[in-house]
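Notes to accompany the following structure.
Read-outs: derived from the displayed coordinates by stated rules, not from any lab. None of the values given here were measured: they were computed from a predicted structure. Because the Cβ atoms are built from the backbone with ideal geometry, glycine has one as well, and the counts that use them run over all protein chains shown.
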Amino acid sequence: MFDFIYNIDIWAALFFIIGFLLVILEIFNPGFGVPGALGAIFLVIGVVVTMESLIDAIIMIVIILAVLALAFVLAIYSAKKGFLSKTIVLTDSLNEEGGFQGTEDLKVFLGKEGTTLTALRPAGTAEFNGTRLDVVSEFGYIEKDTKVKVIDVEGRRVVVEKIK
């Protein structure tokens, strides 16, 4: 059943070794995929050079996939334990204490009155004390140059209503 093992010559062994090394390098140090693609090509060449029948090729492919799956499991385990390179695993966090601000705080506009610069269908643009904002009307259509008031702010979503 495993007669193909005896047919492996030095070239086939080199193709397999180089192929495994390149694919495993790609697993542990991902990048543009060149080492992984080259490794896959070398593994395919190794299978083609070594096989005597279709059954031999299928068995070799299953063995190759099992070895690569084991390498992938080891890479995942290493990533979880923190053994992998710091370029792969993000250790920094973006928080306010570190000076990060995701978006500006638009809650300062809550309760402010302004004028629509475009028609709100229901989204559009309005101006509040010289500041242009993308806004959404609470209920449907509001015409251009209409006085509006900010009634809710959720992140970057500013909800306005028509002033009666």
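Here are the numbers:
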{"read-out": "Sites Glu143 and Ile41, calculated FRET efficiency, Cβ-Cβ separation with R0 45 Å, nearest 0.05", "value": "0.10"}
{"read-out": "Within region 106-162: Cβ-based charge dipole about Cα centre, in debye rounded to nearest 20 (Lys, Arg +1; Asp, Glu -1)", "value": "100 debye"}
{"read-out": "For region 3-81, fraction of C-alpha pairs farther apart than 17 Å, in %", "value": "46 percent"}
{"read-out": "Residues of type lysines that Lys144 reaches as a straight line, Cα spacing below 18 Å, ignoring anything fewer than 8 places off in the same chain", "value": "Lys112, Lys162, Lys164"}
{"read-out": "R0 of 35 Å, Cβ-Cβ distance Thr131-Lys81: FRET efficiency to nearest 0.05", "value": "0.10"}
{"read-out": "Charge tally in the Cβ shell below 10 Å around Gly140, where Lys, Arg are +1 and Asp, Glu are -1, Gly140 excluded", "value": "+1"}
{"read-out": "Residue-by-residue Karplus 3J(HN,Hα) for region 129-136, coefficients 6.51, -1.76, 1.60, Hz, glycine and proline x", "value": "6, x, 9, 8, 10, 7, 10, 10"}
{"read-out": "Cα-based equivalent ellipsoid, region 106-162: semi-axes from gyration tensor eigenvalues, Å", "value": "15, 12, 9"}
{"read-out": "In order through region 141-149: 3J(HN,Hα) via Karplus (6.51 cos²θ - 1.76 cosθ + 1.60), integer Hz, x for Gly, Pro", "value": "7, 10, 5, 5, 6, 9, 6, 10, 10"}
